[in-house]
Amino acid sequence: MEKIKINKEGKGQLLYKEAKKIIPGGGQLLSKRPEKFAPEIWPAYYSKAKGCKIWDLDGNEYRDFSYMGIGACTLGYADDDVDAAVIEAIKNCSMTTLMVPEEVELAKLLFEQHPWADMVRYQKGGGDAMAVAVRIARAATQKDKILFCGYHGWHDWYLSANLADDSALDGQLMPGLSPIGVVREMRDTSYPFWYNKIEQFKKLIAEHKDNLAGVVLEAARNLTPEANFFATIEEECHKLNIPLIIDEVTSGFRMYCGGACEYFGIHPDMAVFAKGMANGYPIAAVIGKKKFMDAAQDSFISSTFWTERIGFAAAIATIKKYKANNVNEHLNRMGKKVQEGWTALAEKHGLKIHLSGIYPLGHISFEAAPLELKTLFVQEMMKRGFLVSDAYYATFAHKDKDVNDYLAACDEVFAIMAKAVADNNIVDILEGPVCQGGFARLA
């Protein structure tokens, strides 16, 4: 049943048109661009949010069944316990000449979850933290080259892989990432390998072992590890005495409180956390073994706002609540329910789909016309009061009733989509342009 009328002239839609004239790309994060969802009709901005609900600038109320703050809000929007800790931190001043004791308290919490780790350095975002981890690895080993698998942010060390081959990163998460602005002298300093491709990894090890500083790996996102994949990487890193760096920016605090490392039994030398560890407040952490982390003292790694109090207070409150409520069990249960619902409804309506991802980070793609059908899915679910994408990021604020309502709306919308495929008129019933896939310039 439709609840919200699509409006190209809504306050958010008009504000975004203005934003694109004065902010390159329209905003600060590629993943939030309306062009990634439903161009010209996506509401773009919010006025307030609570739990899994968002209100746009026109007062329309939606339930968020897409990215939940791009994976940052694992407890839900404006969680009372986390916000209370943040408000207390603000009252006591978030920044002074002295450091905050929460740095040490958070370190101890992280080490409880990861007893293999001895030291930690903090940052404010996942991309920055990954850059710090790579810097530390290079400082500790006095070597240059990095092997990596997965998506690891916007910094030069990562994008430099596309200097040698402009499609080198396409299979890692998002195609079309341009290395323009990255100095060409960084070419051949980072090399990608594909998840579960053990022989490809071994070949890269053989080619670059004499100048290899470390291996960077997303433990989990869209695929399940095959036998010996992690064990082989661990063994090669141990032989070369280089760090295995696990990127838990997206996977951390979802499958397991500590992260995918604990879930899969991986033994890293360093690990990086951000996003879900503070429920939407900015903080990141690089944890690791002293033999590698100590090199952070030898390289200049320093920033004023890495010391402010709010992120630490939020992270401490988030982790404590996560552990007390076994949030990872809830996220896995909600994610499984959604993925099973997608499968059942697709079979019911004869809609061909492909599912991937761990339960808390589920992904769906529509085979007949992926981008056109994704746009139609977003459009029709918006009318029914849901913000969606081709992914579902579970949150503690998603309850059984929310998921039941979501799947009931999917039932209606999948029927519309299946009919559009059969009638060959998907684009004809769209109320705006087709959404974009990978990275693309807006104008």
**Complete:** Note: among 82, 86, 104, 100, just one is touching a Ser or Thr at 6+ places or on another chain (Cβ under 6 Å) and either not aromatic (Phe, Trp, Tyr) or not assigned by TED's automatic domain parsing to the domain that holds residue 178 (or both), namely 82
**Request:** All but one of (1) closer than 21 Å to residue 132 by Cα; (2) touching a helix residue (DSSP H, G or I) at 6+ places or on another chain (Cβ under 9 Å) hold for residue 318, so report the exception by its number.
**Result:** (1)
**Item:** Residues that are touching a helix residue (DSSP H, G or I) at 6+ places or on another chain (Cβ under 7 Å) and polar (S, T, N, Q), drawn from region 374-394
**Value:** 389
**Complete:** The strands (runs of 3 or more DSSP E) lying wholly within region 35-81 that contain at least 1 residues that are closer than 13 Å to residue 386 by Cα and in contact with a helix residue (DSSP H, G or I) (Cβ under 7 Å, 6 or more places away or on another chain) are 53-56, 61-64
**Prompt:** Taking region 13-23, which residues are exposed (fewer than 11 other Cβ atoms within 10 Å of the Cβ) and not aliphatic (A, V, I, L, M)?
**Reply:** 18, 21
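The values are calculated or read from the model by the stated rules, or taken from the named source; none is laboratory data. These numbers come from a predicted model, not from an experiment. Positions of Cβ are backbone-derived with ideal geometry, glycine not excepted, and every protein chain shown enters the neighbour counts.
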